[in-house]
Amino acid sequence: MHADPEVMHDYGGPISRAESDAKFDRYMATYREHGFSRWAIETETGAFVGYAGVMPSGADHPLGLHFQIGWRLVRHAWGYGYATEAARAALTDAFVRVRLESVLAYTAADNLRSQADMTRLQMRRDPSRDFTTDYATIKAWRGLVWEARRA
């Protein structure tokens, strides 16, 4: 998945196996420390199609400390609702079990698929929090921000 240029377009392109493994290690460490993280998404038959879940930000993030939901799917799994279904489950877990008050999502202006997922998740667009940062291999990446709040 991380080697596919189309899947990794928003990240600035594919990453190496070592970088992919480091992401996985970071997700596992976050789960051990916080009890939540990114989850693998599988079909009913057990085929891996991606991941989704909530992660804490780093203190150096332009928005400061916060919790962020994200997802990434293999290309052949796009358009089947996996991202929305998994992200909805992750938000429910974050608000009900973990008791977070707020979860942010951000994406680039040209990532219309993720923006549609955020809308389906009933996240609220918050332009006042939009930010620009050096992100992955992209200089001056502009993040458009959405927020979900615990009911």
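The values are calculated or read from the model by the stated rules, or taken from the named source; none is laboratory data. All of these numbers come straight from a predicted model, not from anything done at the bench. In this analysis, Cβ positions are derived from the backbone assuming ideal geometry, glycine residues included, and neighbour counts consider all displayed protein chains.
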TODO: Would you mind telling me which numbered condition in (1) of a type in the set (D, E, K, R); (2) in contact (Cβ under 8 Å) with a residue 60 or more places away in the chain; (3) buried (at least 17 other Cβ atoms within 10 Å of the Cβ) Arg75 fails?
DONE: (3)
- [ ] State the number of residues belonging to region 2-51 that are basic (Lys, Arg) and over 20 Å from Tyr106 (Cα atoms).
- [x] 2
- [ ] Could you list all residues from region 111-151 that are within 28 Å of Ile15 (Cα to Cα) and loosely packed, with under 12 Cβ neighbours inside 10 Å?
- [x] Leu112, Thr132, Asp134, Lys139, Ala140
- [ ] Can you run down the residue pairs with Cβ atoms below 9 Å, 6 or more apart or on separate chains, where the first is in region 138-151 and acidic (Asp, Glu) and the partner is surrounded by fewer than 16 Cβ atoms within 10 Å (Cβ to Cβ) and outside any strand (DSSP E or B)?
- [x] Glu147/Asp126
Task: Residue list for region 115-148, filter: modelled with pLDDT of 95 or more and touching a helix residue (DSSP H, G or I) at 6+ places or on another chain (Cβ under 8 Å) - done: Asp117, Arg120, Leu121, Arg125, Leu144, Val145, Trp146, Glu147, Ala148
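Conditions (1) of a type in the set (Val, Ile, Thr); (2) farther than 20 Å from His2 by Cα, marked per residue:
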position	(1), (2)
Ile41	yes, no
Glu85	no, yes
Leu112	no, no
Asp130	no, yes
Val145	yes, yes
Arg150	no, yes
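Can you tell me which residue among Gly50, Gly64, Gly58, Gly35 is in contact (Cβ under 8 Å) with a residue 40 or more places away in the chain and farther than 20 Å from Met118 by Cβ? Write out each step before concluding.
Details: Gly50 fails: farther than 20 Å from Met118 by Cβ; Gly64 fails: in contact (Cβ under 8 Å) with a residue 40 or more places away in the chain; Gly58 fails: in contact (Cβ under 8 Å) with a residue 40 or more places away in the chain.
Only one candidate qualifies: Gly35.
Could you tell me which of the residues Ala151, Ala83, Ala109, Ala89 is of a type in the set (A, V, I, L, M), part of a loop (DSSP other than H, G, I, E, B), farther than 21 Å from Leu65 by Cβ and under 16 Å from the mean Cα position of the chain (by Cα)? Walk me through how you get there before you give the answer.
Values: Ala151 fails: under 16 Å from the mean Cα position of the chain (by Cα); Ala83 fails: part of a loop (DSSP other than H, G, I, E, B); Ala89 fails: part of a loop (DSSP other than H, G, I, E, B).
Selected residue: Ala109, the only one of Ala151, Ala83, Ala109, Ala89 that is of a type in the set (A, V, I, L, M), part of a loop (DSSP other than H, G, I, E, B), farther than 21 Å from Leu65 by Cβ and under 16 Å from the mean Cα position of the chain (by Cα).
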Task: In region 125-147, the residues that are under 19 Å from Pro56 (Cα atoms) and in a strand (DSSP E or B) - done: Phe131, Thr132, Thr133, Asp134, Tyr135, Gly143, Leu144, Val145, Trp146, Glu147
Open item on the list: Among the residues of region 35-61, what is the count of those that are surrounded by 13 or more Cβ atoms within 10 Å (Cβ to Cβ) and either more than 15 Å from Val103 (Cα to Cα) or among the charged types (D, E, K, R) (or both)?
Closed with: 9
- [ ] For region 14-34, name all the residues that are more than 22 Å from Ala3 (Cα to Cα) and loosely packed, with under 15 Cβ neighbours inside 10 Å.
- [x] Ala29, Arg32, Glu33, His34
